[in-house]
Amino acid sequence: MNFVYRGLCCLFLLLVISVQLFAQSPRKRQLLNEGWKFHLGHAANAEKDFNYGLSNIFAKTGRAEKTAIAVDFNDAAWRTVQIPHDWAVELPFAFKDNDDLKDHGYKALGGLFPENSIGWYRKKFSVTTTDSGKRFSITFDGIFRDAKVWLNGFYIAANQSGYVGFTVDVTNYINFKKENVLVVRADATQSEGWFYEGAGIYRKVWLNTYDNLHVTDDTFVHTITQADGKAMITVEADVKNDGLQTTEATFYTLIKDRTGRIVAKTDVKRVNVNSNDATPVKQQVLVDKPIWWSIEQPYLYHAEILVSRGDKVIDERNIRFGIRSIDIKADGVYLNGKHVKIKGTNNHQDHAGLGSALPDYLQYYRISLLKQMGSNAYRASHHAPTPELLEACDSLGMLVLDEQRLLNSSPEYMDQFERLVKRDRNHPSVFLWSIGNEEGYAQVNGFGKRIAQTLLAKQKQLDPTRTSTYAADLANVFTGVNEVIPVRGFNYRQFAVADYHRDHPQQPIIGTEMGSTVTTRGIYVKDTVSAYLPDQDITAPWWASTAEQWWPLAAENDFWLGGFIWTGFDYRGEPTPYKWPNISSHFGVMDVCGFPKNIYYYYQSWWKDEDVLHISPQWNWRGKEGQNIDVWVNSNADNVELFLNGKSLGKKNMPRNKHLQWSVAYRPGTLKAVGYRNSKKLVSEVKTTGAAYKLKLTPSKQILLANGSDAVVVNVLILDKNGLEVPDAMQEIKFNLTGGATIIGVGNGDPSSHEDDKILTGQWKRKLFNGHCQVILQSGKKVGNATLNATADGVKGAAVQFAVK
Ligand code: GAL
């Protein structure tokens, strides 16, 4: 654990250094994340929507009077928010018998709640006059959804997707002597998925400043491993001239290792670019003795692309990439020629307390948790991930299956796919594209096949270094998309994989969604009122399977490339098999906070080459003395012996890719497992605890960067007098923070909790759920200390201090 967090700190330091490197470049990339004003509009009442729909804003350019778009609109009464911001997580839960509402986690958003479904954002920023004559663009990494954007009263963009980002050239609308006013209207009435999606500007916003002569955003850096062990790096870029004269420039690329040392340099190429035109440049250079990017050692290089006129560098692009090869064959995925079984998880993007608006640190936190379980791959289901998720996967060594939102080849969706592939193709972690998921209507007919062919042709054109899959909820069926898809994806139906392979032996097969045991952390009896399920690998929906039903098949057959569990983390929305009062899913191996459920240890046993010995359940069963309790042991030991209060309950051999079970008459005391793994003794125990005595806070780190956006996760539990964790504690915890940080969210992993994740005014608080809850803090910009105090009735409180620097 410590090692991972030390790693995270180093990563953040590297991030800061690279930000400083960018600062010296002629190109500027500035965050526009702070000081936004926010107000809800109204989807059914134009007056409450700041006259949108009453005032004719498209009649004359630059004029949008009497609306919130107007430059002089008074937004003093609007709330100040920091991007990333998700207004959906701030809304109350609302019960109505409506499937879209249920799927989105019963947040009062969408067509039934017009008063909550439009979000207006306004941001003022200045641009120095010394930059006049430069070009400017604004990048939105993601807005949920259907956004319209104005700058200084001028309409500049519309973007439908709730996931793929967009960049718009705003050079002609910039003010140098006055403030600039950027306005966004986001309409989250219509959803895209069938899971919690959030609402608003929940990803970063950037202002880019650069020269008329510049390298476009589409630059592609890819690598080929040669027979002699060297790596050939190819850089493909477009040099664009937005000036009025034809211009000449030179172009070259430096390849730097992660310390900044130049390891290779391309030839210098002369380029002539006509006005309003772009010249493509392709360069290749060899790197001797490269350090390969791998899951174990995710080494990253930088390609520094420089465009100069005379001695002066006019533009610079710094692209982080990895040197690695990926081959996907019918008998496996080969990374740098080495066979890798895919041990993956599917995930949506929300986290406890935060909804979809995650500080960067949380991406690293979540990916680290998955790695600790032994997972090596992440499927971004079912939409473009945030750029920082991919950066975390590049940095920590996690393969990514990157997915298009919809199987559709209309101009809108082809454009979304093109933006996704161009944005993500430089990431070494991305090993495979997915062109869609479970298109129940089109996947088996000619529509699906033709759409797939169009998307596949586009993928090959934009990224010939990778291939694609499609997540089909079909058994041994070969019509439609499956006929043309290079890698057959199976959602569930693991029983049909062998037959499919027999009939199509050349087509690689991957489990795009597998398992899907529904469990509630710390619950051992099914509870249909609270909508809880036992925390063991026993309950799966009809279409799915338990972990032990699919993983042994994938582990023991090479024609399975591996698979992705549905899901790594619980997520808001899609409560299954229950509805209200459930507001989030039960599918996760971890809950929404990232607290492991028992099934986590099954996967860890067989996915990670480390000793695992885990006993469940906990051993506090007052009132059940003498009654039989099912005890599960998850381990990769060769055999395990179980003892209750020193008395052996028998020794059993551990079957590979399974678990062991005992039925034990409950007596308070100590339940102990002793296992041997390659003759190494492993011991694990659970004990009956005393009463709750004092709180314990476990922060994921204690140093925060004073950058206004760093974050830390603090896990909360209660100990008894002997220092044992009380697993069934449910107390409400109150949080107070002093100093240079703020609380930005709380959660506890209870899928039926209707407590607030965000507390906008008043006391921050959260109940423990089966012994755990979580509070997330964000740093301010002032150097100093911050202290988090936690208190609860009847127990001793706890505090933890952070250095903000
Ligand atoms: C699949 C679907 C996922 C999720 C899952 C729940 O059919 O692709 O998004 O809905 O079922 O079991």
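Just so it is clear, none of the values below were taken in a lab; they were calculated from the coordinates. What you are looking at is a predicted structure, and each value in this text was computed from that prediction instead of being measured. All Cβ positions, glycine included, derive from the backbone under ideal geometry; neighbour counts span all protein chains shown.
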*Could you pull out which residues in the stretch 218-250 have an amide N less than 16 Å from a spot 7 Å beyond the Cα of residue 465, following the Cα-Cβ vector?*
218-227, 230-238
*Listed residue pairs exceeding 27 Å between alpha carbons, taken from 107/449; 107/597; 96/696; 652/687; 204/422*: 107/449; 96/696
_Could you tell me the center-to-center distance, by alpha carbons, between the stretch 746-790 and the stretch 467-511 in angstrom?_
44 Å
*Report, ordered by chain and residue number, the lysines lying within cross-link reach of residue 312, taken as a straight Cα distance under 22 Å and ignoring same-chain residues fewer than 8 apart.*
28, 134, 240, 256, 265, 269, 282
*Relative to the first principal axis of the alpha-carbon coordinates of the chain, what is the inclination of helix 446-462, with its axis defined by its Cα atoms, in degrees from 0 to 90 and to the nearest 10?*
60 degrees
_Translational D in µm²/s for the stretch 694-804 (Stokes-Einstein at 20 °C, 1.002 mPa s, Kirkwood Rh from C-alpha pairs)_ = 152 µm²/s
_Burial ordering of 315, 360, fewest other beta-carbon atoms within 10 Å first_ = 360, 315
*Alpha carbon centre of the stretch 395-432 versus the stretch 522-551: separation in Å?*
32 Å
*Binning every alpha carbon pair distance of the chain at 20 Å from zero, what are the percents per bin?*
15, 48, 32, 5, 0
*Relative contact order [Cα under 8 Å, 6+ residues apart], the chain, whole percent*: 9 percent
*At residue 286 and residue 55, where each label point lies 7 Å from the Cα along Cα→Cβ, what is the point-to-point distance in nanometres?*
6.5 nm
_If you fit an axis through the alpha-carbon atoms of helix 547-556 and take the longest principal axis of the Cα set of the chain, what angle between them do you get, 0 to 90°, nearest 10?_
70 degrees
*Could you calculate the FRET efficiency of residue 722 with residue 530 from 1/(1 + (r/R0)^6), where r is the beta carbon distance between them and R0 is 25 Å, rounded to 0.05?*
0.25
*asked:* I need the P(r) histogram for the stretch 32-210: all alpha carbon pairs, bin width 5 Å from 0 out to the longest distance, whole percents.
replied: 1, 9, 17, 21, 20, 15, 8, 5, 2, 1, 0, 0
*Estimated distance in nm for a label pair at residue 330 and residue 479, the labels positioned 7 Å out from Cα along Cα-to-Cβ*: 2.4 nm
*Given R₀ = 41 Å, FRET efficiency for residue 622-residue 542 by Cβ-Cβ distance, to 0.05?*
0.65
_Length added when fully stretched, residue 34-residue 112, from 0.36 nm per residue minus Cα-Cα_ = 25.0 nm
_Which trypsin sites (Lys or Arg not before Pro) in the stretch 133-233 sit in a loop by DSSP (not H, G, I, E or B) and have at most 13 other Cβ atoms within 10 Å of their own Cβ?_
177, 178
*How about the stretch 585-645: which GluC sites (Glu not before Pro) there lie in a loop by DSSP and see at most 13 other Cβ atoms within 10 Å?*
610, 625
*asked:* Need one number: the % of Cα-Cα pairs in the stretch 426-533 sitting beyond the 17 Å mark.
replied: 59 percent
*Find how many whole Å separate the alpha carbon centroid of the stretch 128-161 from the alpha carbon centroid of the stretch 218-259.*
27 Å
*asked:* For a Förster distance of 51 Å, can you work out the FRET efficiency between the beta-carbons of residue 94 and residue 168, rounded to the nearest 0.05?
replied: 0.90
*Can you give the angle from 0 to 90° between the axis of helix 411-424 and the longest principal axis of the chain, with both taken from C-alpha atoms, to the nearest 10?*
80 degrees
*Run through the DSSP bridge list for the stretch 345-613 and note the antiparallel percent, rounded to the nearest 5.*
15 percent
